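Report on the following structure.
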Amino acid sequence: MTELAIHIGPPKAGSTSIQQFLQINESALLDAGIYTDQHRSRELLGAAFRSGMTVWEQREFGERAPAGLKQRHLDELERRLRGAQASNPRLVVFSAEGLFSGDRLDLLRDLLQRFRFSRIRFICYLRRQDRWAVSVLKNRVRNKNQKNLDKIKNRRYAPRLLQFKQLFPDAEFYIRPFVDSDLVEYDLIEDFAAAAGIADRVDVSALAKPERVNQKWPAAALELMSAINAYGLDDPKRRQRIARVIDSCEGYADFSISRDQAIAIAGSRQAIADNETVLANFFSDRQRLFNENFDDYPEAGADAGDDDLKALAAEVIVKMTQAEPAGRNGLLQLLRGKLKAWRRSRLGRTFARR
């Protein structure tokens with residue numbers, strides 16, 4: 001009989017690394033009787049049980065899904081699952097962090113009930129709420145927003161996990177804090193392979209490991225990109241090019257929120273109650289879900305100094321003008337040409353002192 005393992009997220013807790021691991025090892029896993037169609041199934045799983053659209057369809061259709069699109073995704077998922085079972089694999093593995101925010105998990109239950117999996121296991125990694133908030137902040141700044149921690153809502157895990165437990169009473173749940181000390185061999189991929197049952201069927205050390213993704217951005221990078229977002233860079237492709245240039249810049253001080261900010265997020269009554277609910281329902285051998293020591297945070301936070309900010313902006317300008325010598329659309333020229341307000345911003349004042 002075929003077993004099923006689904007990594008359900010949530011986002012910002014290793015999902016990209018897990019998905020890359022499945023994708024780059026798809027052929028080797030299939031040889032070992034493990035089916036994964038990660039490249040397409042991730043999009044389908046997220047779309048069918050949440051918005052009804054894949055990322056590409058959202059870009060094409062906007063916020064409103066065309067009639068019948070969700071059903072087409074469900075039909076496609078069922079077709080793929082039947083195709084997988086036809087090859088008689090011992091294990092089917094998927095990863096889709098969008099499932100954690102899905103609003104129609106009943107449809108997932110109905111779909112899986114049409115298949116006779118001998119075991120269903122849901123895998124989930126949870127990041128302490130303060131570290132999750134910082135990760136979300138960095139992702140939002142990288143994409144389009146200004147640096148504003150106050151606009152990020154506190155993450156709650158219990159409601160969604162309890163919904164999974166209610167809808168799938170016979171399923172197994174493998175839930176771990178996203179902390180190295182809680183992972184098998186202190187490694188996310190080793191831990192996921194053990195949780196999904198991959199390690200029981202293949203030598204994980206012989207499989208390719210994904211390159212490190214979603215690198216941390218230093219404080220100066222967040223400040224710089226936040227200014228770019230605030231003062232006029234509307235072209236998403238151009239923003240992505242600048243983000244890739246910033247990725248290549250090293251040697252700048254890390255960003256950190258303050259100890260009081262971290263405690264306000266992860267030590268709030270809502271976060272503590274949420275974590276205790278998860279602990280009571282999914283753990284029998286832990287006294288607390290997360291380590292509640294915040295001493296690794298600086299007392300006043302760690303933001304970008306003027307020297308770091310100026311050096312990073314100058315480095316990005318040089319690299320961008322080298323990449324686009326014809327247009328010479330460097331970062332400094334871009335910002336100065338947009339709004340007078342830029343000159344009054346921190347970045348503008350920093351360059352004015354050059």
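The values are calculated or read from the model by the stated rules, or taken from the named source; none is laboratory data. As the structure is a prediction and not an experimental result, all values here were calculated from the model. All Cβ positions, glycine included, derive from the backbone under ideal geometry; neighbour counts span all protein chains shown.
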- Could you tell me which numbered condition Phe117 fails, if it satisfies all but one of (1) assigned to a strand (DSSP E or B); (2) over 24 Å from Glu292 (Cβ atoms)? (1)
- Query: How many residues are assigned to a helix (DSSP H, G or I) and over 26 Å from the mean Cα position of the chain (by Cα) when one looks only at region 79-95?
  - Reply: 6
- region 277-307 - residue that is part of a helix (DSSP H, G or I) and among the polar types (S, T, N, Q) and, of those, nearest to Arg346 (Cα to Cα): Thr277
- Pick from region 88-119 the residues that are in contact with a Leu (Cβ under 8 Å, 6 or more places away or on another chain) and not hydrophobic (A, V, I, L, M, F, W, C): which of them is surrounded by the most Cβ atoms within 10 Å (Cβ to Cβ)? Ser95
- Task: Within region 168-188, work out how many residues are surrounded by 15 or more Cβ atoms within 10 Å (Cβ to Cβ), over 30 Å from Asp260 (Cα atoms) and at pLDDT 95 or above.
- Result: 4
- Item | Considering residues of region 105-150 that are of a type in the set (Gly, Ala, Ser) and under 23 Å from the mean Cα position of the chain (by Cα) only, the residue modelled with the highest pLDDT | Ala133
- Hey, which of the helices (runs of 4 or more DSSP H) in region 136-245, taking only ones fully inside, have at least 2 residues that are farther than 24 Å from Gly102 by Cβ and out of contact with any Leu (no Cβ under 8 Å at 6 or more places or on another chain)? 188-196, 219-230
- Task: Kindly provide the set of residues from region 62-87 that are at pLDDT below 85, under 30 Å from Val202 (Cβ atoms) and loosely packed, with under 12 Cβ neighbours inside 10 Å, ordered by number.
- Result: Gly83, Ala86, Ser87
- Query: What is the one condition in (1) touching a Lys or Arg at 6+ places or on another chain (Cβ under 7 Å); (2) of a type in the set (Asp, Glu); (3) at pLDDT below 95; (4) farther than 26 Å from Tyr252 by Cα that Glu292 does not satisfy?
  - Reply: (1)
- Query: Looking at Asp303, Asp285, which is the one that is touching a residue at least 24 places away in the same chain (Cβ under 8 Å) and farther than 19 Å from Arg127 by Cβ?
  - Reply: Asp303
- Determine the pairs where a residue that is touching a residue at least 40 places away in the same chain (Cβ under 8 Å), located within region 94-121, has a partner that is β-branched (Val, Ile, Thr) and part of a helix (DSSP H, G or I) with Cβ atoms under 7 Å apart, the partner being 6 or more residues away or on another chain. Ser95/Ile18
- Item | Out of Asp274, Asp260, Asp203, sole residue that is at pLDDT 90 or above and crowded, with 18+ Cβ neighbours inside 10 Å | Asp274
